[in-house]
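Only the coordinates and a few stated rules stand behind these numbers; no lab work does. Since we're looking at a predicted model, the values are computed, not measured. Every residue, glycine as well, gets a Cβ built from its backbone with ideal geometry; the counts of neighbours run over all protein chains shown.
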Amino acid sequence: MAKNNRKARRAWAAARKKHIKRGCITILEYLHDHDCGIYSAERICTCNPDRVLKDDKGRVLARIEGAGFYDPLELAEGA
Ligand SMILES: [Zn+2]
């Protein structure tokens with residue numbers, strides 16, 4: 001699972017790099033399970049959310065599944 005996870009995370013990073021451009025509005029969505037810990041007081045993701053990139057019209061640009069727990073640092077690490 002760890003290997004697939006890494007591959008999906010790389011795909012997510014690549015999708016962000018491809019679609020997120022200066023001056024354009026891009027929406028990042030994390031589709032958490034309803035019982036995910038992100039909705040608890042701890043606010044720590046315990047599910048495996050799909051990551052979705054949308055443009056300002058709400059059109060889906062990319063959808064990455066299986067990249068593991070949501071980690072706020074993933075947007076900074078670039079990989
Ligand atoms: Zn979650």
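To the nearest 20 Debye, how big is the dipole of the chain about its Cα centre, given +1 on the beta carbon of each Lys and Arg and -1 on that of each Asp and Glu?
640
Would you list, by chain and number, the aspartates and glutamates whose Cα falls below 13 Å from the Cα of LYS21, excluding same-chain residues fewer than 8 positions away?
Within the straight-line cut-off, LYS21 pairs with ASP55, ASP56.
Taking the 0 to 90 degree range and rounding to the nearest ten, how far is the long axis of helix 2-19 tilted relative to the main principal axis of the chain, both from C-alpha atoms?
Relative to the chain, helix 2-19 is tipped by roughly 30 degrees.
Considering the chain, which cysteines have no disulfide-compatible partner, defined as another cysteine with its Cβ under 4.7 Å away?
So far as the 4.7 Å Cβ criterion goes, CYS24, CYS45 stand without a partner in the chain.
Based solely on its DSSP helices, what 222 nm [θ] is calculated for the chain when runs of n ≥ 4 H residues each add -39,500 (n - 2.57) and the sum is averaged over all residues, nearest 500 deg cm²/dmol?
So the helix-based figure for the chain works out to -8500 deg cm²/dmol.
Under 5 Å between amide hydrogens, which residues at least 5 positions from ALA62 or on another chain qualify, with H placed 1.01 Å from N in the peptide plane?
LEU53
So which residue, out of ALA41, ALA67, ALA14, gets the largest mean-square fluctuation from a GNM of the chain using Cα contacts under 10 Å as springs?
Ranking ALA41, ALA67, ALA14 by mean-square fluctuation puts ALA41 first.
Identify all aspartates and glutamates with a Cα-Cα distance to LYS54 below 19 Å; exclude those on the same chain that are fewer than 8 residues away in sequence.
Leaving aside aspartates and glutamates fewer than 8 places away in the same chain, those within reach of LYS54 are GLU29, GLU65, GLU74.
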